[in-house]
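Novice: Okay, handing you the structure first.
The values are calculated or read from the model by the stated rules, or taken from the named source; none is laboratory data. Every value quoted in this text rests on a predicted model; they were computed, and no experiment measured them. All Cβ positions, glycine included, derive from the backbone under ideal geometry; neighbour counts span all protein chains shown.
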Amino acid sequence: MKGVNRAEICDVNFQEFVRDWNGGVDAKPSPHEAILDGSALDAQGFRELFESQLISRHLDLMARVLRVQNKVFYTIGSSGHEGNAMVARATRHTDPAFLHYRSGAFMAERFRKLPGTDGRKLDPIMDSALSFAASKDDPASGGRHKVWGSKPLWVLPQTSTIASHLPKAFGTAVAIEQGRRIGHALPIPNDSIAICSFGDASSNHATAQTAFNAAAWTAYQKLPAPVLFVCEDNGIGISVKTPTDWISRNFRDRADLDYFFADGLDLSAGYGDVQAAVEHCRRTRRPTFLHLRTTRIMGHAGTDFEIEWRSIEELCAVEASDPLLRSAAIALESGLMSKDEILALYEDTRRKCFAAAEDADRRPRLTTLEDVMAPLAPFTPAAVQAEATRADYADKRAAVFGGEAKLPERQAPRHLAIQINNALHELFAKYPETLLFGEDVAQKGGVYTVTKGLHKAFGNRRVFNTLLDETVILGLAQGYANLGMLPVPEIQYLAYLHNAIDQIRGEAASLQFFSNDQYRNPMVVRIAGLGYQRGFGGHFHNDNSITALRDIPGLVVGCPSRGDDAAMMLRTLAALAKVDGRVCAFLEPIALYMAKDLYEAGDGGWLTSYPPPDQALVLGEERVYAPEATDCVIFSFGNGIPMSLRAARAIEAQYGWKVRVVDLRWLVPLNDAAIAKHAAQCKRILVVDEGRHSAGVGEGVITAITEAGHGGKPLQRVVGADTFTPLAGAAFLVIPSDEEIVAAAGMLAKRS
């Protein structure tokens, strides 16, 4: 029995079921009559849903056959889940959809909603075949992954949907209402809902639970959150069974998450319940949980040989629950179709799927690295710079600051926190679609008062507190970005980011890549972090672990050390988001927020004037102190800059060297060319990195130096220890100090 192909058995089962059927036949219903007595589904609707189910099934069967010929590269199928076509039929093609990977029938049915666009006929079979074949012509991802996605159908591509898409689906639902409140023109109707489907096993994931909780938290406060959570319950996750009735027990009586059940194995019986759930969500604007009964036949994927771990009796029982068998029975019982008509449609659908697959196999695939990476990190420097320096909002800007005389550039030099605050006020004046949100950011003005006054100036519609959940904060950001707003979420401390970072890595930053730049997630994520806070916090408030951010493809990470740079950097980050749709992180060194002095108390050496609004940084552009110095160069960022400047003065006094200090400012991407240029011009090199010894920024700097051919010069790294940060004064034992930089120069002196 181990050699038996269960896909072939399911294929034969269907044909034999139809041929052997000998039940009674009703009079053929007219197109708008109920398909069966008491059903909410009419005959025409049933016929179309049945066709969508067959398309999904034959795409699965085709993939199993052609995978062994290397013509198809994906075999996680939708067989047993074909009832999700009902959700597609009951919703609109303008309802943003975030789909489970078993959504072939949903997609086939949604294609009916929009026959064509821009002169191109939409074809669910061909589009799916192109995706299965990883063809460059795949309209969803351009051959980068097998995804269910479509720009005209508002299906945002997901890759491996193990619950990570639920927070952004919730965020998109909230964004629908938020756009209306701030007067933002939505790209979809104002009464749209967000659809999110997932498996029963995924519902247990922490990321799913946080989305359910946030949705209920929102509804509890009578705030609109029209998200339809569709749990496609097939009773198993790969090989781990879901306890009987666990989903209904867990969700049926959950407060502020309205529960509906529908039988996804029976189109006639289930459609009315699906329709009721959709209508409830759209009408009440409340989060709605649709528990859709499904099954899973043909295994988790083509490589899952269930006969090796499930009994033959169990497999046969599962295969007997195939929803296509029930759909065939409905077609026959109702008199809508004859046996021959069903079998002819079945084989014609098979033929179309295989023909499309053979066509797709002949289409070009991605063959160069440039093609693969093209949509990952789009950058149009001239357009970004023009947007960053655009200053055509002078009246709004003056009004925000209380008049021309109170504009920040007309005030005395101020410290970093004040200048970030000024820059945020400015961005809100420039971009009316800007939203700032997070923990404590509204009335309190943030833990460090960086957002002080924004709530008063712009109101609760644009500046608001969220529940204490970083995953939800970043999910909201994606939702707002999906609908054309400019979110500026705050993560209160860098250490708090790590439990939610997949919302950036796996979701926000990957969307351009996997949608071939059709969808974008423009945002500027503010993260307070790094070390050197005195008398406070320990690890969670003195966190120097930024490597996780540096390992996210496509992400931009800027880290200013002084106020004027912060303001100009924020302008550039906002422009990168607006023009190129980039996901940006703005890493704010907490210990420098209030820093006023540089060399000695009272010198005001770390206060800066506010730059006029027509000044902005260029992505990757460094700041250089003492550019004429060539005896030694120090590369650093953040807290390392004032430390390095102080150390440079001491090094000059002790060794007579003229020291150049380079503030990298941009940590992702590193400007390798600039690093190489400064290394080439100087005799000795110091790299000061407040990250950890085995995972910081310094490795990237040294790599750039070495690959440029300057690795033979005397070089020393000053870096944090590989440990968590302890409390109080002990914290300063594990991160670099001024004295360590000077001592490192001494080691260079011995080698030169």
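Novice: What is the residue count in segment 545-561 for residues that are of a type outside the set (A, V, I, L, M) and either closer than 18 Å to Ala383 by Cβ or surrounded by fewer than 24 Cβ atoms within 10 Å (Cβ to Cβ) (or both)? Give the steps one after another, and end with the answer.
Specialist: Of segment 545-561, the ones of a type outside the set (A, V, I, L, M) are 545, 547, 550-551, 553-554, 558-561.
Narrowing the set further to residues that are either closer than 18 Å to Ala383 by Cβ or surrounded by fewer than 24 Cβ atoms within 10 Å (Cβ to Cβ) (or both) leaves 545, 547, 550-551, 553-554.
The number of residues fulfilling the criteria is 6.
Novice: Could you tell me whether segment 599-610 includes any residue that is of a type in the set (D, E, K, R) and over 23 Å from Leu407 (Cβ atoms)?
Specialist: As a first pass, look at segment 599-610 and keep what is of a type in the set (D, E, K, R): 600, 603.
Next, only the ones that are over 23 Å from Leu407 (Cβ atoms) stay: 600, 603.
Yes - at least one qualifying residue is present in segment 599-610.
Novice: Thr244 is checked against (1) farther than 29 Å from Ala500 by Cβ; (2) β-branched (Val, Ile, Thr); (3) in a helix (DSSP H, G or I) and fails just one. What number does that condition carry?
Specialist: (3) is the only condition that Thr244 fails.
Novice: Got a sec? Which of Ser338, Ser311 is in contact with a Leu (Cβ under 8 Å, 6 or more places away or on another chain) and either farther than 23 Å from Asn213 by Cα or without any contact (Cβ under 8 Å) to a residue 60 or more places away in the chain (or both)? Steps first, please.
Specialist: Working: Ser311 fails: in contact with a Leu (Cβ under 8 Å, 6 or more places away or on another chain).
Sole residue among the options that is in contact with a Leu (Cβ under 8 Å, 6 or more places away or on another chain) and either farther than 23 Å from Asn213 by Cα or without any contact (Cβ under 8 Å) to a residue 60 or more places away in the chain (or both): Ser338.
Novice: In the list Ala360, Ala423, Ala388, Ala383, which residue meets the criterion of being modelled with pLDDT under 95 and out of contact with any Cys (no Cβ under 6 Å at 6 or more places or on another chain)?
Specialist: Values: Ala423 fails: modelled with pLDDT under 95; Ala388 fails: modelled with pLDDT under 95; Ala383 fails: modelled with pLDDT under 95.
One residue alone meets the criteria, Ala360.
Novice: Something else about it: Within segment 360-406, which residues are in contact (Cβ under 8 Å) with a residue 40 or more places away in the chain, charged (D, E, K, R) and assigned to a loop (DSSP other than H, G, I, E, B)?
Specialist: Residues satisfying the conditions are Arg363, Arg390.
Novice: Looking only at residues that are in contact with an Asp or Glu (Cβ under 6 Å, 6 or more places away or on another chain) and either part of a strand (DSSP E or B) or among the polar types (S, T, N, Q) (or both) in segment 261-290, which one is nearest to Asp322 (Cα to Cα)?
Specialist: By that ranking, first place goes to Ala262.
Yes/no matrix, rows are residues, columns are (1) part of a loop (DSSP other than H, G, I, E, B); (2) under 27 Å from the mean Cα position of the chain (by Cα); (3) within 27 Å of Gly581 (Cβ to Cβ); (4) outside the structural domain of Asn422 (by TED's automatic domain parsing):
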{"residue": "Val447", "(1), (2), (3), (4)": "yes, yes, no, no"}
{"residue": "Thr451", "(1), (2), (3), (4)": "yes, yes, yes, no"}
{"residue": "Arg461", "(1), (2), (3), (4)": "yes, yes, yes, no"}
{"residue": "Phe464", "(1), (2), (3), (4)": "no, yes, yes, no"}
{"residue": "Leu476", "(1), (2), (3), (4)": "no, yes, yes, no"}
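Novice: Going by what's in this entry, would Thr172 be described as polar (S, T, N, Q) and touching a Gly at 6+ places or on another chain (Cβ under 7 Å)?
Specialist: Details: polar (S, T, N, Q): yes; touching a Gly at 6+ places or on another chain (Cβ under 7 Å): yes.
Judged against the criteria, Thr172 is a match.
Novice: Also, I was wondering about something else. Report, ordered by the first and then the second residue, all pairs with beta carbons closer than 8 Å, sequence separation of six or more or different chains, a first member in segment 176-195 that is closer than 16 Å to His93 by Cβ, and a second member that is loosely packed, with under 13 Cβ neighbours inside 10 Å and at pLDDT 95 or above.
Specialist: Listed pairs, sorted by first residue: Ile176/Asn190.
Conditions tested, residue by residue: (1) of a type in the set (S, T, N, Q); (2) part of a strand (DSSP E or B); (3) under 16 Å from Val618 (Cβ atoms); (4) under 18 Å from the mean Cα position of the chain (by Cα).
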| site | (1), (2), (3), (4) |
| --- | --- |
| Asn516 | yes, no, no, yes |
| Val525 | no, yes, no, yes |
| Phe540 | no, no, no, no |
| Ala548 | no, no, no, yes |
| Pro553 | no, no, no, yes |
| Ser561 | yes, no, no, no |
| Met568 | no, no, yes, no |
| Leu573 | no, no, yes, yes |
| Leu576 | no, no, yes, yes |
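Novice: Ala749 passes all but one of (1) farther than 25 Å from Pro589 by Cα; (2) modelled with pLDDT of 95 or more; which number fails?
Specialist: Answer for Ala749: the failing condition is (2).
Novice: Could you tell me whether Ala601 is among the aliphatic types (A, V, I, L, M), without any contact (Cβ under 8 Å) to a residue 40 or more places away in the chain, part of a helix (DSSP H, G or I) and not assigned by TED's automatic domain parsing to the domain that holds Ala574?
Specialist: no
Novice: Now for a separate question. Of the conditions (1) of a type outside the set (A, V, I, L, M); (2) at negative phi; (3) modelled with pLDDT of 95 or more, Tyr448 satisfies every one except a single condition; which number is it?
Specialist: With respect to (1) of a type outside the set (A, V, I, L, M); (2) at negative phi; (3) modelled with pLDDT of 95 or more, Tyr448 is out only on (3).
Novice: Conditions first: (1) assigned to a loop (DSSP other than H, G, I, E, B); (2) among the hydroxyl-bearing types (Ser, Thr, Tyr); (3) surrounded by 19 or more Cβ atoms within 10 Å (Cβ to Cβ). Thr207 passes all but one, so which condition is the exception?
Specialist: That leaves (1) as the condition not met.
Novice: Taking the stated definitions as given, is Arg649 out of contact with any strand residue (DSSP E or B) (no Cβ under 7 Å at 6 or more places or on another chain) and crowded, with 24+ Cβ neighbours inside 10 Å? Give the derivation first.
Specialist: Working: out of contact with any strand residue (DSSP E or B) (no Cβ under 7 Å at 6 or more places or on another chain): yes; crowded, with 24+ Cβ neighbours inside 10 Å: no.
No, not satisfied.
Novice: Another question about this same structure. State yes or no: is Arg520 surrounded by fewer than 24 Cβ atoms within 10 Å (Cβ to Cβ), basic (Lys, Arg), in contact (Cβ under 8 Å) with a residue 60 or more places away in the chain and not in a helix (DSSP H, G or I)? Outline the logic, then answer.
Specialist: Values: surrounded by fewer than 24 Cβ atoms within 10 Å (Cβ to Cβ): yes; basic (Lys, Arg): yes; in contact (Cβ under 8 Å) with a residue 60 or more places away in the chain: yes; not in a helix (DSSP H, G or I): yes.
When the stated conditions are applied, Arg520 passes them.
Novice: Here is a further query. Please work out which residue is modelled with the highest pLDDT, limiting yourself to segment 309-338 and to residues that are surrounded by fewer than 16 Cβ atoms within 10 Å (Cβ to Cβ) and assigned to a helix (DSSP H, G or I).
Specialist: Ala320
Novice: Across segment 210-238, which residue is surrounded by the most Cβ atoms within 10 Å (Cβ to Cβ) among those that are aromatic (Phe, Trp, Tyr) and touching a residue at least 40 places away in the same chain (Cβ under 8 Å)? So that I can check it myself, show each step before the final result.
Specialist: So in segment 210-238, the residues aromatic (Phe, Trp, Tyr) come out as 212, 217, 220, 229.
Keeping just the survivors that are touching a residue at least 40 places away in the same chain (Cβ under 8 Å) gives 212, 217, 229.
Values: Phe212: 21, Trp217: 17, Phe229: 29.
The extreme case among them is Phe229.
Novice: Counting only residues that are farther than 13 Å from Gly143 by Cα, in contact with a helix residue (DSSP H, G or I) (Cβ under 9 Å, 6 or more places away or on another chain) and not small (Gly, Ala, Ser), how many does segment 352-391 have?
Specialist: Number of matching residues: 14.
Novice: Does Gly506 count as under 11 Å from the mean Cα position of the chain (by Cα), surrounded by fewer than 23 Cβ atoms within 10 Å (Cβ to Cβ) and more than 25 Å from Leu592 (Cβ to Cβ)? Give the steps one after another, and end with the answer.
Specialist: Working: under 11 Å from the mean Cα position of the chain (by Cα): yes; surrounded by fewer than 23 Cβ atoms within 10 Å (Cβ to Cβ): yes; more than 25 Å from Leu592 (Cβ to Cβ): yes.
So Gly506 passes the test.
Novice: Could you tell me whether segment 568-583 includes any residue that is crowded, with 24+ Cβ neighbours inside 10 Å and among the basic types (Lys, Arg)?
Specialist: Yes, the conditions are met somewhere in segment 568-583.
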